[in-house]
Amino acid sequence: MSVDVGRLGALIAAHGPVARVVVAEARGSVPRGVGTSMVVWRDGFQGTIGGGALEWRALEMARQVLNEGAPRVERMPLGPALGQCCGGAVTLVAERLEAVPDLPWLRRVEGTAEAPAGKDYLFRNGWLREDAATATRDIWVWGAGHVGRAITAILAPLPDLSVTWVDTDDARFPPVPEGVTQLVAADPARAMVHAPKGAEHLVLTYSHDIDLALCHAALTRGFVFCGLIGSATKWARFRSRLADLGHDPADIARITCPIGDPALGKHPQAIAVGVVGRLLSPGLSGTATKGTVS
């Protein structure tokens with residue numbers, strides 16, 4: 001299991017002491033798996049362990065822990081205890097935190113069973129260990145317009161993603177969601193060298209010239225995925241201009257345009273749903289193209 005240190009620290013700084021509830025054990029059919037967590041404070045919470053009756057019980061546990069201080073461990077068969085259709089059982093651990101724990105975080109958790117073997121966490125004989133979370137995918141969103149805002153709002157809470165949001169001026173951004181890295185770059189294409197070669201790019205700025213420069217920079221830098229907002233006509237022009245810039249047609253064809261699912265329509269939120277659905281679809285990741293770092 002893993003702890004998102006940055007997000008947890010920001011919540012403690014904003015709200016004071018919090019209670020963190022983690023799914024320490026999951027057996028059978030359950031809403032969320034081992035390692036899923038939520039953070040609760042006096043008048044709010046962030047994250048979800050599955051919703052419904054289970055989550056209401058988790059909120060009750062968390063608020064008891066906030067008031068009393070002592071950690072709680074509860075093992076819940078979801079059908080008999082909570083009246084849910086799921087046939088499984090979960091063990092929830094709720095702990096009060098006033099600061100981010102030292103990692104790795106190893107502590108005794110009474111009443112829990114041994115977790116399945118072969119996992120990337122330690123949970124043996126009643127001992128629970130968590131490490132710092134490490135993002136497994138780098139997503140770069142280029143553009144803070146309506147579509148960029150809608151996409152970033154969906155991406156921000158998702159685990160295992162490191163989201164970087166880029167535009168030309170700080171004034172173009174709304175309040176940046178927690179956990180998202182804001183990057184202001186007067187010439188966005190020059191910032192492409194800071195993106196990992198294994199990054200996934202969503203190009204949707206206010207300027208066709210900037211979009212073209214970003215596609216050129218991405219092809220030069222290398223990427224796992226690059227999606228471009230635009231029409232078939234825009235993409236035909238871009239293909240021609242990128243070829244004139246020296247890029248091989250096979251490499252150019254790796255850029256996806258139009259991005260998302262056109263059948264969903266042109267509303268920013270509809271585009272965002274299609275784009276994120278594409279990103280989360282199995283089989284997207286591949287080998288980054290190779291190029292000279294500019």
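Remark: the chain carries a charge dipole of roughly 460 debye about the Cα centre, counting +1 on each Lys and Arg Cβ and -1 on each Asp and Glu Cβ. Dividing the summed -39500 (n - 2.57) terms of all DSSP H runs of n ≥ 4 by the residue count of the chain sets its mean residue ellipticity at 222 nm at -9000 deg cm²/dmol.
Using the alpha-carbon atoms, what tilt in degrees (0 to 90, nearest 10) does helix 232-244 show relative to the longest principal axis of the chain? Roughly 70 degrees between the two axes. For the peptides 48-58, 192-202, the ranking by mean Cβ contacts within 10 Å, running from highest to lowest, is 192-202, 48-58.
Considering only alpha-carbon pairs that sit under 8 angstrom and 6 or more positions apart, the relative contact order computed for the chain is 13 percent.
Spatially, segment 169-183 and segment 1-78 are offset by 27 Å when compared through their Cα centroids.
What's the FRET efficiency of Asp187 with Glu98 using the Cβ-Cβ distance as r and R₀ = 41 Å, to the nearest 0.05? For Asp187 and Glu98, the calculated efficiency is 0.40. Highest mean first, the peptides 12-23, 260-271 sorted by other C-beta atoms within 10 Å per residue fall in the order 12-23, 260-271. Helix 208-221 and the long axis of the chain differ in direction by around 70°, with both axes built from C-alpha atoms. Taking label points 7 Å from Cα along the Cα-to-Cβ direction, Val5 and Ala132 give a separation of 0.2 nm.
Couplings 3J(HN,Hα) of segment 248-258, computed from phi: 5, x, 5, 6, 4, 5, 6, 7, 9, 8, x Hz, in residue order, whole Hz [Karplus 6.51 cos²θ - 1.76 cosθ + 1.60, θ = phi - 60°; x for Gly and Pro]. May I ask you to derive the FRET efficiency for Lys197 and Asn67 from their Cβ-Cβ distance with R0 = 41 Å, giving the value to the nearest 0.05? After rounding to 0.05, the efficiency reads 0.25. Basic side chains Lys and Arg get +1 at the Cβ, acidic Asp and Glu get -1 at the Cβ, and with that the dipole of segment 117-261 about its Cα centre reaches some 260 debye. Taking every Cα-Cα distance in segment 160-287 and sorting them into 5 Å bins from zero, the calculated P(r) comes out as 2, 9, 20, 23, 23, 16, 5, 1, 0 percent. Full extension of the chain between Asp248 and Glu178 yields a length gain of 21.3 nm, computed as 0.36 nm times the residue separation minus the alpha carbon distance.
Read-outs throughout are calculated quantities, based only on the coordinates presented, and are distinct from any laboratory measurement. What you see is a predicted model; the values in this text were computed from it and never measured. Here Cβ is always computed from backbone atoms with ideal geometry, including for glycine, and neighbour counts include all displayed protein chains.
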